[in-house]
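**Student:** Questions regarding the structure given below will be posed in turn.
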Amino acid sequence: MIIFDKVTKKFPLGNFALNEVTFEINDKEFVFLVGPSGAGKTTVLKLILREFIPTSGTIKVNDWEISSRHFKKILSLRRKIGVVFQDFKILNDKTVFENVALSLKVIGMSLNKIKEEVKEALRLVNLSDKEKVFPLQLSAGELQRVAIARAVVGEREILLADEPTGNLDPKTSWEIMKIFKRLEGKRTIIIASHNVDIVNSMQKRVLLLKEGKLIKDIKKGRYELS
Amino acid sequence: MKEILKSIRRTPYQSLSAFLTLFFSLFLSAVIFISLAFLYGLLAYIETRPQVTVYFQTNVEENKIFKIREDLNNSGKVASVKYISQKEAFEIYKKLNKDNPLLLEMISSDILPASLEIYAKKPIFLPEIAEYLKKQPGVDEVQFQKDIVDRLLTLTNILRTAAISFFIFLILMTIIVLTTSISFKIALRKEEIELLRLIGASDFYIRKPFLKESFFLGFIAVTSSFILIVGLLFYFQPFLNSYLRGIPHLFLSLDNFQIQVWPLSLIFLGITYIFSLFFGLSISSIATYFATKKYLKV
């Protein structure tokens, strides 16, 4: 479970990225974080990943109070979270297989188990035939699928995706969303997006952020900015 | 190994600068280490030599020398006195110059002086014994060994202090140059490090490839500098042989353990290599630690 309790994130120049945001996300829930650019979506994800520490308020992930400055289990926390970054963060000098395997290598998994898990993840994102290919030979959609495979491989309990369809055409965007749909119920999924069509069609819980504040929390929501 | 070579190929100049810095530092450190070992060996050797040696004029009768020996033995200040006759001195000379027939032809036993080698019971008696001998008739020269030991000890202490200071400077310089070279490499992999941090890689996992490469460069630098030193030692062996002529062995004493420094022994060379390896790998790890530190803040 992820709990945000009156979380505020203020940057050094004084601007608020989040302002007293409170919500709870249950295990294996599928949630969209929506809102215009600068609403605070990425900040929420970075706070969950403990890339940022809140200025005030409490954040709990699986009973760990990660908002404390003295929180020591950052490695354990990050090993439970898979992230699909907005800029993919795919390493160009590694093959597709090696990029996905990175998530497992860092936790010290055996080579045989890594092979098994990576093949499974690549099957899930329909990239089984591209495992030996280098990223520069892939399209944007394929790169995004590699990023998803890297985020879901192994036993990661939470999947965070920051604008996973941001740079993709509508057809590829839908293919990506189908992959997320396949993962539903297997782990907690939080997707930051401002793609109105996708959010509205998926009919999942929607947390609407605007200027750092949580405006709406709708169970089977739609993306309405008005 | 594949990853190490790939990283070296990716940044060849940084790798070369890291290698050369390590190579010269290790080479100089090993030269300092070997020089100090020789000096300490020489000091230990000289300390085992007679503490006072008195040479007599060649026309002095043996009886007079024996009288002086007797007086010394009766003084209660002398542990032992050894008489070296002109004939014995000539035998020693022949032994030392067996490879130089020209020198042997020029000298005969009546040219060389007879001598007494005196070991005092306590070093404090040495000046007194030397003064007594200088006043005796027929005495040509009194060699007071303590002077030499003291001078060598002072020289060794100065050299040791200078070597330690130079060594510290060398370590600092090497660490700074290595840290800078590794930082360049890390900057090129900044994105990868950031990703690794975010997917839960431990600090050690992130440092591992840089450590591996530093260790590899360190190992190559240690081995190549050691081969160069051994080559130079063997190249200068004839010079050292003639310089240290008459000294059969030099030992470096460490508590109850003695290492033969000269003639060159495998154990001494092995210890020099291990010392260089330890030094090389230590500074490589320290430099890698400092270079990666700023990228590992979570």
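The values are calculated or read from the model by the stated rules, or taken from the named source; none is laboratory data. As the structure is a prediction and not an experimental result, all values here were calculated from the model. Here the Cβ is made from the backbone with ideal geometry for all residues, glycine too, and neighbour counts use every protein chain on show. These area figures cover heavy atoms from the full protein model, side chains too; ligands, DNA and RNA do not enter into them. Shrake-Rupley method; radii C 1.70, N 1.55, O 1.52, S 1.80 Å.
**Student:** Given the residues A:Phe52, A:Phe71, which is the only one that is on the phi < 0 side of the Ramachandran plot, part of a loop (DSSP other than H, G, I, E, B) and open to solvent by 30 Å² or more (accessible area, probe 1.4 Å)?
**Tutor:** Of the residues listed, the single one that is on the phi < 0 side of the Ramachandran plot, part of a loop (DSSP other than H, G, I, E, B) and open to solvent by 30 Å² or more (accessible area, probe 1.4 Å) is A:Phe52.
**Student:** Failed condition for A:Glu24, given (1) in a strand (DSSP E or B); (2) over 19 Å from A:Val206 (Cβ atoms); (3) open to solvent by 70 Å² or more (accessible area, probe 1.4 Å), with all others met?
**Tutor:** (2)
**Student:** Select from the stretch A:27-49 the residues that are in a loop (DSSP other than H, G, I, E, B) and on the phi < 0 side of the Ramachandran plot and list them in ascending order. Don't jump to the end; show me each part of the working.
**Tutor:** Step one: filter the stretch A:27-49 for residues in a loop (DSSP other than H, G, I, E, B), giving A:27-29, A:35-40, A:49.
Across the stretch A:27-49, the qualifying residues are A:Asp27, A:Glu29, A:Pro36, A:Ser37, A:Ala39, A:Leu49.
**Student:** Exactly one of (1) open to solvent by less than 40 Å² (accessible area, probe 1.4 Å); (2) at pLDDT below 90; (3) among the β-branched types (Val, Ile, Thr) is unmet by A:Ile158. Its number?
**Tutor:** Tallying (1) open to solvent by less than 40 Å² (accessible area, probe 1.4 Å); (2) at pLDDT below 90; (3) among the β-branched types (Val, Ile, Thr), A:Ile158 fails exactly one: (2).
**Student:** Show the residue pairs meeting these rules: Cβ distance below 7 Å; 6+ apart or different chains; first residue within the stretch A:199-221 and farther than 24 Å from A:Gly185 by Cβ; second residue part of a helix (DSSP H, G or I) and open to solvent by less than 70 Å² (accessible area, probe 1.4 Å).
**Tutor:** Once the first residue is farther than 24 Å from A:Gly185 by Cβ and sits in the stretch A:199-221, its partners that are part of a helix (DSSP H, G or I) and open to solvent by less than 70 Å² (accessible area, probe 1.4 Å) give A:Leu209/A:Lys41.
**Student:** Okay, moving on. With respect to A:Arg150, determine if the residue is over 25 Å from A:Trp174 (Cα atoms), of a type outside the set (Ser, Thr, Tyr), part of a helix (DSSP H, G or I) and touching a residue at least 60 places away in the same chain (Cβ under 8 Å).
**Tutor:** Judged against the criteria, A:Arg150 is not a match.
**Student:** I'd like to verify a number: residues in the stretch B:242-298 that are under 30 Å from B:Ile206 (Cα atoms), free of Cβ contacts under 8 Å to residues at least 40 places away in the same chain and either within 17 Å of the chain's Cα centre (by Cα) or open to solvent by 70 Å² or more (accessible area, probe 1.4 Å) (or both), how many? Reasoning before the result, please.
**Tutor:** Of the residues in the stretch B:242-298, the ones under 30 Å from B:Ile206 (Cα atoms) are B:273-298.
Right, trim to free of Cβ contacts under 8 Å to residues at least 40 places away in the same chain and you get B:274, B:278, B:282, B:293-294, B:297.
From what is left, the residues that are either within 17 Å of the chain's Cα centre (by Cα) or open to solvent by 70 Å² or more (accessible area, probe 1.4 Å) (or both) are B:274, B:278, B:293-294, B:297.
Final tally of qualifying residues: 5.
**Student:** Can you work out which of the residues in the stretch A:55-68 that are open to solvent by less than 50 Å² (accessible area, probe 1.4 Å) and hydrophobic (A, V, I, L, M, F, W, C) is nearest to the other protein chains (Cβ to nearest Cβ)?
**Tutor:** Here the residue is A:Ile66.
**Student:** From B:Leu96, B:Leu112, grab the single residue that is surrounded by 17 or more Cβ atoms within 10 Å (Cβ to Cβ) and closer than 22 Å to B:Pro248 by Cβ.
**Tutor:** After applying the criteria, what remains is B:Leu112.
**Student:** For B:Ser29, all conditions in the list (1) open to solvent by 30 Å² or more (accessible area, probe 1.4 Å); (2) small (Gly, Ala, Ser); (3) more than 25 Å from B:Ile247 (Cβ to Cβ) hold save one; what is the number of the exception?
**Tutor:** (1)
**Student:** A:Leu208 - would you say it is assigned to a strand (DSSP E or B), open to solvent by 30 Å² or more (accessible area, probe 1.4 Å), modelled with pLDDT of 90 or more and closer than 21 Å to A:Thr43 by Cα?
**Tutor:** On the way: assigned to a strand (DSSP E or B): yes; open to solvent by 30 Å² or more (accessible area, probe 1.4 Å): no; modelled with pLDDT of 90 or more: yes; closer than 21 Å to A:Thr43 by Cα: yes.
So A:Leu208 fails the test.
**Student:** Something else: Go through B:Ile176, B:Ile182 for me and flag whichever is under 30 Å from B:Phe24 (Cβ atoms), β-branched (Val, Ile, Thr) and exposed (fewer than 14 other Cβ atoms within 10 Å of the Cβ). Step through it out loud before you land on a result.
**Tutor:** Working: B:Ile182 fails: exposed (fewer than 14 other Cβ atoms within 10 Å of the Cβ).
Criteria check complete, one pass: B:Ile176.
**Student:** Moving on. Which ranges mark the helices (runs of 4 or more DSSP H) fully within the stretch B:42-139 that have 2 or more residues being in contact with a Leu (Cβ under 9 Å, 6 or more places away or on another chain)?
**Tutor:** In the stretch B:42-139, the matching helices (runs of 4 or more DSSP H) lie at B:62-74, B:86-96, B:126-134.
**Student:** Another one. What number goes with the only condition from (1) assigned to a helix (DSSP H, G or I); (2) within 28 Å of A:Val34 (Cβ to Cβ); (3) open to solvent by 20 Å² or more (accessible area, probe 1.4 Å); (4) basic (Lys, Arg) that A:Lys119 does not pass?
**Tutor:** Status for A:Lys119: all satisfied but (2).
**Student:** Filter the stretch A:156-191 down to the residues that are in a loop (DSSP other than H, G, I, E, B), of a type in the set (D, E, K, R) and touching a residue at least 60 places away in the same chain (Cβ under 8 Å) and list them by number. Break it down into steps so the answer makes sense when it comes.
**Tutor:** Looking only at the stretch A:156-191, we keep the residues that are in a loop (DSSP other than H, G, I, E, B), and these are A:156-157, A:163-169, A:185-186.
Keeping just the survivors that are of a type in the set (D, E, K, R) gives A:156-157, A:163, A:169, A:186.
Result: A:Arg156, A:Glu157, A:Glu163, A:Lys186.
**Student:** Let me ask something else about it. Yes or no: B:Leu232 open to solvent by 20 Å² or more (accessible area, probe 1.4 Å) and within 30 Å of A:Ala149 (Cβ to Cβ)?
**Tutor:** Spelling it out, it is not the case that B:Leu232 is open to solvent by 20 Å² or more (accessible area, probe 1.4 Å) and within 30 Å of A:Ala149 (Cβ to Cβ).
**Student:** Mind counting the residues in the stretch B:185-202 that are open to solvent by 30 Å² or more (accessible area, probe 1.4 Å), more than 9 Å from every other protein chain (Cβ to nearest Cβ) and either under 13 Å from A:Ser103 (Cα atoms) or touching a residue at least 12 places away in the same chain (Cβ under 8 Å) (or both)?
**Tutor:** Within the stretch B:185-202, residues that are open to solvent by 30 Å² or more (accessible area, probe 1.4 Å), more than 9 Å from every other protein chain (Cβ to nearest Cβ) and either under 13 Å from A:Ser103 (Cα atoms) or touching a residue at least 12 places away in the same chain (Cβ under 8 Å) (or both) number 2.
**Student:** Here is a follow-up. With respect to B:Leu244, is the statement that it is more than 23 Å from B:Lys95 (Cα to Cα), out of contact with any Pro (no Cβ under 8 Å at 6 or more places or on another chain) and of a type in the set (A, V, I, L, M) true?
**Tutor:** no
**Student:** Anything in the stretch A:132-141 that is touching a Ser or Thr at 6+ places or on another chain (Cβ under 7 Å), surrounded by 11 or more Cβ atoms within 10 Å (Cβ to Cβ) and outside any helix (DSSP H, G or I)? List them, or say none.
**Tutor:** Matches in the stretch A:132-141: A:Val133, A:Phe134.
**Student:** Also, quick follow-up: May I ask you to verify whether B:Asp140 is of a type in the set (D, E, K, R) and exposed (fewer than 12 other Cβ atoms within 10 Å of the Cβ)?
**Tutor:** Here the answer is no, as B:Asp140 does not meet what is asked.
**Student:** Still on this model: Report, by residue number, each residue of the stretch A:76-108 that is more than 10 Å from every other protein chain (Cβ to nearest Cβ), open to solvent by 50 Å² or more (accessible area, probe 1.4 Å) and in contact (Cβ under 8 Å) with a residue 24 or more places away in the chain.
**Tutor:** Once the filter is applied, which keeps residues that are more than 10 Å from every other protein chain (Cβ to nearest Cβ), open to solvent by 50 Å² or more (accessible area, probe 1.4 Å) and in contact (Cβ under 8 Å) with a residue 24 or more places away in the chain, the stretch A:76-108 yields only A:Gln86.
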